Amino acid sequence: MALTHDIELNIAPGSAPVACVDIGGTKVAVNIADAAGVRGKVSEPTAKEGNNDALARQIIRMLGESCALAGVAVADIAAVGVATCGPFVINQGMVELAGPNICGGLAGKARGLPNDWVTALLEAPLKATFPNVRVENDGVGALEAERRWGALQGVANCAYVTWSTGIGMGLCVDGHILRGKNGNAGHAGHTFVSSNDDALCGCGNVGDVEGLVAGNAIPRRFGAQGFADAATLFVAARAGDAGAVAIVDDLCDVMGRTLYNMVATLDLQRISVGGSVFWHNRDYLLPKLQAALKGKLPALTDGVEIVPAGLGEKVGDYAALALVVA
């Protein structure tokens, strides 16, 4: 698969610039793109304090900073693509975020977020400044990018999965991207595949996939065992620490069941996987995830591929770009 710097964006010369916004539970990144390429990247920790329009105000400010770095006038931005963690709530036709890693009012104080938001305003404030805004779940944006430039090109039945701060998916069946009534299709991170009840997810569920295996779940579940973050856990597992290996195997069992359920439900051909937890440990995790499908109901799983994201660590940047580039 071509590396990100080899990607041909095929933006016509003279086309007006577009802005790309990638919102995650940990960080927000903004880029500007036109025929000259993708540039002007700025990145910050995701705003989680103050009023529930704080995130939207952060993005508007960062768009201005990105334009300045790229040498583009804010007024010349033709469209803004926003690929964001969800779920979404639709309020008067506008997307608000009910993101469990952003909105502290969902699971309450036990989750430790510094706000009591039930939703974070997003689309309405952005459209007040930028009339042409397209907001999609980041799994959908990443799926579109992977189908256009990455590891899912030419595949009609596929999924993109991110294993990062949270767990997200974008789903495509018969060449059609699935969205659902509020754009929330693909939130398999909030499904249950085990009976574990010691993991509080930011959404308020206890023991769902995200609460068990997401990057921010690892310190909450295993910090007392000396694993303060995902990186510490994987360093120990790679070094042969028996406790760490057992934990990682359990995480992969949960994620493997989740992937199998998606294959069995949607009859998928290929799944590309990205996100910081997976990407930085892909050589270690990929065989474990592939093994989770092997031998299970061959009529559904034979020939199904689980592959690393073709866009690598840049998938978030290209996810937003795929939303606004024809």
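Considering 170, 175, the condition of being of a type outside the set (A, V, I, L, M), at pLDDT 95 or above and surrounded by 17 or more Cβ atoms within 10 Å (Cβ to Cβ) is satisfied by 170 alone. The set of residues in the stretch 180-219 being of a type in the set (D, E, K, R) and surrounded by fewer than 16 Cβ atoms within 10 Å (Cβ to Cβ) consists of 181, 197, 198. Once the stretch 75-97 is narrowed to residues that are without any contact (Cβ under 8 Å) to a residue 40 or more places away in the chain and among the hydrophobic types (A, V, I, L, M, F, W, C), the residue that is least open to solvent (accessible area, probe 1.4 Å) is 94. Among residues of the stretch 185-198 that are within 16 Å of residue 85 (Cα to Cα) and in a loop (DSSP other than H, G, I, E, B), none has a Cβ under 8 angstrom from a residue that is open to solvent by 40 Å² or more (accessible area, probe 1.4 Å) and of a type in the set (Asp, Glu) at a sequence gap of 6+ or on a separate chain. Condition first: assigned to a helix (DSSP H, G or I), open to solvent by 40 Å² or more (accessible area, probe 1.4 Å), modelled with pLDDT under 95 and out of contact with any helix residue (DSSP H, G or I) (no Cβ under 7 Å at 6 or more places or on another chain). Can you find one or more residues in the stretch 3-24 that meet it? Yes, the conditions are met somewhere in the stretch 3-24.
So that you can scan it fast, the table gives a plain yes or no per residue for (1) open to solvent by less than 60 Å² (accessible area, probe 1.4 Å); (2) over 18 Å from the mean Cα position of the chain (by Cα); (3) at positive phi:
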| residue | (1), (2), (3) |
| --- | --- |
| 238 | no, yes, no |
| 244 | yes, yes, no |
| 248 | yes, yes, no |
| 263 | yes, yes, no |
| 270 | yes, no, no |
| 281 | yes, no, no |
| 297 | no, yes, yes |
| 318 | yes, no, no |
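Scanning the stretch 122-150 for residues that are open to solvent by 10 Å² or more (accessible area, probe 1.4 Å) and either over 25 Å from residue 52 (Cβ atoms) or within 12 Å of the chain's Cα centre (by Cα) (or both) yields 136, 138, 144, 147, 148, 149. Comparison of 103, 67, 158 shows that the only residue that is buried (at least 16 other Cβ atoms within 10 Å of the Cβ), modelled with pLDDT of 95 or more and out of contact with any helix residue (DSSP H, G or I) (no Cβ under 8 Å at 6 or more places or on another chain) is 103. Would a scan of the stretch 44-53 turn up a residue that is closer than 20 Å to residue 98 by Cβ, acidic (Asp, Glu) and modelled with pLDDT of 95 or more? Yes, the stretch 44-53 contains a residue that is closer than 20 Å to residue 98 by Cβ, acidic (Asp, Glu) and modelled with pLDDT of 95 or more. The residues listed here are 64, 40; of these, the one that is outside any loop (DSSP other than H, G, I, E, B) and in contact with a Cys (Cβ under 7 Å, 6 or more places away or on another chain) is 40.
Looking at 292, 319, 326, just one residue is touching a Leu at 6+ places or on another chain (Cβ under 7 Å) and modelled with pLDDT under 95, and that residue is 292. The residues of the stretch 37-55 that are of a type in the set (Gly, Ala, Ser) and within 18 Å of the chain's Cα centre (by Cα), listed by number, are 43, 47. Every condition in (1) hydrophobic (A, V, I, L, M, F, W, C); (2) in contact with a Gly (Cβ under 6 Å, 6 or more places away or on another chain); (3) at pLDDT 95 or above; (4) under 20 Å from residue 182 (Cβ atoms) holds for residue 82 except the one numbered (2).
The values are calculated or read from the model by the stated rules, or taken from the named source; none is laboratory data. Everything numeric in this text was worked out from a predicted model, so none of it was measured. As a convention, Cβ positions derive from the backbone with ideal geometry for all residues, glycine included, and neighbour counts pool all protein chains shown. To get the accessible areas, we keep the full protein, side chains included, count just its heavy atoms, and leave off ligands, DNA and RNA. Shrake-Rupley method; radii C 1.70, N 1.55, O 1.52, S 1.80 Å.
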